[in-house]
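Here is the structure we will look at, set down as structure tokens.
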Amino acid sequence: VIMTYNKVQLGIYIYDTDGKLTLSKNWDAANNSKAVGVYVGTENSRFVISPTEAEPREWGGNGTAISGIVTTTDTTTAKKDYAGEANTDKIIAQLGKGNAPAAEYCRNYTFKNGKKGYLWSSGEAQDAYNNKAEIDAAMSKIGGNALPSNYLWTSTQHSSYNAWLLNWDYGYVDNNNKGDSDYVRAVCSL
């Protein structure tokens, strides 16, 4: 039996259509047309943040508990959810097309490398926030839109009526009614 291991890159990088990860300080703006987004690699997360954002959207399914995803009223437990991609698919499948605006926007977003996006989980959002300065600098380097100075939805559920959010400016983690509109940002796996 031969086992092959691929080393996973940790840190914040610009990811391009050639599949290369480049530190922000080494990025040549002449290559901005090839930028897929900003890669976040931590012990628990590996995803690329899109360089564009959507208008605020409802999470959807107000009053419906999505089964099979982390559902907790405890902030610490919510921050341990790293299953954004699986959560996104479960939200859409259980609510039905047209009823999961935040998750559907992310799933319908196509990155320059052809990957479909998903709605990040609370743990993934927290990992991104922990690297906020580097992500903001990298996003600026590729000519991307800064993440909004507002709350961003996650795919982590608080209850049948609320879902978790992260405030990009201050790192506050809170929950809000699924019927309210908050910002979303598509991310994709590598």
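The values are calculated or read from the model by the stated rules, or taken from the named source; none is laboratory data. Keep in mind the model is a prediction, meaning the values are calculated, not measured. Reconstructed Cβ throughout: ideal geometry from the backbone, glycine too, with neighbour counts over all protein chains shown. Heads up: the accessible areas ignore ligands, DNA and RNA and are worked out on the full protein's heavy atoms, side chains in. Shrake-Rupley method; radii C 1.70, N 1.55, O 1.52, S 1.80 Å.
Are any residues in segment 108-125 within 14 Å of residue 153 (Cα to Cα) and surrounded by fewer than 24 Cβ atoms within 10 Å (Cβ to Cβ), and if so, which ones?
123
Going by what's in this entry, would residue 175 be described as part of a helix (DSSP H, G or I), within 18 Å of residue 72 (Cα to Cα) and at pLDDT 95 or above? Steps first, please.
Details: part of a helix (DSSP H, G or I): no; within 18 Å of residue 72 (Cα to Cα): yes; at pLDDT 95 or above: yes.
Judged against the criteria, residue 175 is not a match.
For segment 170-182, give me the residue count where each residue is touching a strand residue (DSSP E or B) at 6+ places or on another chain (Cβ under 9 Å), within 21 Å of residue 81 (Cα to Cα) and surrounded by fewer than 17 Cβ atoms within 10 Å (Cβ to Cβ). Write out each step before concluding.
Let us first name the residues in segment 170-182 that are touching a strand residue (DSSP E or B) at 6+ places or on another chain (Cβ under 9 Å), namely 172-182.
So of that shortlist, the ones also within 21 Å of residue 81 (Cα to Cα) come out as 172-178, 182.
Imposing the further condition that a residue be surrounded by fewer than 17 Cβ atoms within 10 Å (Cβ to Cβ) reduces the set to 172, 174, 177.
Result for segment 170-182: 3.
On the given criteria, is residue 7 part of a loop (DSSP other than H, G, I, E, B) and modelled with pLDDT of 95 or more?
Values: part of a loop (DSSP other than H, G, I, E, B): yes; modelled with pLDDT of 95 or more: no.
Spelling it out, it is not the case that residue 7 is part of a loop (DSSP other than H, G, I, E, B) and modelled with pLDDT of 95 or more.
If you go through segment 65-75 one residue at a time, do you hit one that is open to solvent by less than 50 Å² (accessible area, probe 1.4 Å), farther than 14 Å from residue 173 by Cβ and in contact (Cβ under 8 Å) with a residue 24 or more places away in the chain?
Looking through segment 65-75, at least one residue is open to solvent by less than 50 Å² (accessible area, probe 1.4 Å), farther than 14 Å from residue 173 by Cβ and in contact (Cβ under 8 Å) with a residue 24 or more places away in the chain.
If the requirement is being in a loop (DSSP other than H, G, I, E, B) and either modelled with pLDDT of 95 or more or open to solvent by 30 Å² or more (accessible area, probe 1.4 Å) (or both), which of these qualifies: 147, 165, 190?
Working: 147 fails: either modelled with pLDDT of 95 or more or open to solvent by 30 Å² or more (accessible area, probe 1.4 Å) (or both); 165 fails: in a loop (DSSP other than H, G, I, E, B).
Of the residues listed, the single one that is in a loop (DSSP other than H, G, I, E, B) and either modelled with pLDDT of 95 or more or open to solvent by 30 Å² or more (accessible area, probe 1.4 Å) (or both) is 190.
When you scan segment 37-56, do you find a residue that is open to solvent by 60 Å² or more (accessible area, probe 1.4 Å), in contact with a strand residue (DSSP E or B) (Cβ under 6 Å, 6 or more places away or on another chain) and more than 19 Å from residue 104 (Cβ to Cβ), even just one? It would help to see each step written out before you state the result.
So in segment 37-56, the residues open to solvent by 60 Å² or more (accessible area, probe 1.4 Å) come out as 43-44, 46, 55.
With the extra rule that they be in contact with a strand residue (DSSP E or B) (Cβ under 6 Å, 6 or more places away or on another chain), the set shrinks to none.
Looking through segment 37-56, none of the residues is open to solvent by 60 Å² or more (accessible area, probe 1.4 Å), in contact with a strand residue (DSSP E or B) (Cβ under 6 Å, 6 or more places away or on another chain) and more than 19 Å from residue 104 (Cβ to Cβ).
Looking at 102, 29, 86, 93, can you tell me which residue is open to solvent by 10 Å² or more (accessible area, probe 1.4 Å), in contact (Cβ under 8 Å) with a residue 24 or more places away in the chain and not basic (Lys, Arg)? Before the answer, list the steps.
Numbers: 102 fails: open to solvent by 10 Å² or more (accessible area, probe 1.4 Å); 86 fails: in contact (Cβ under 8 Å) with a residue 24 or more places away in the chain; 93 fails: in contact (Cβ under 8 Å) with a residue 24 or more places away in the chain.
Answer to the selection: 29.
Would you say residue 103 is at pLDDT 95 or above and within 30 Å of residue 30 (Cβ to Cβ)?
Judged against the criteria, residue 103 is not a match.
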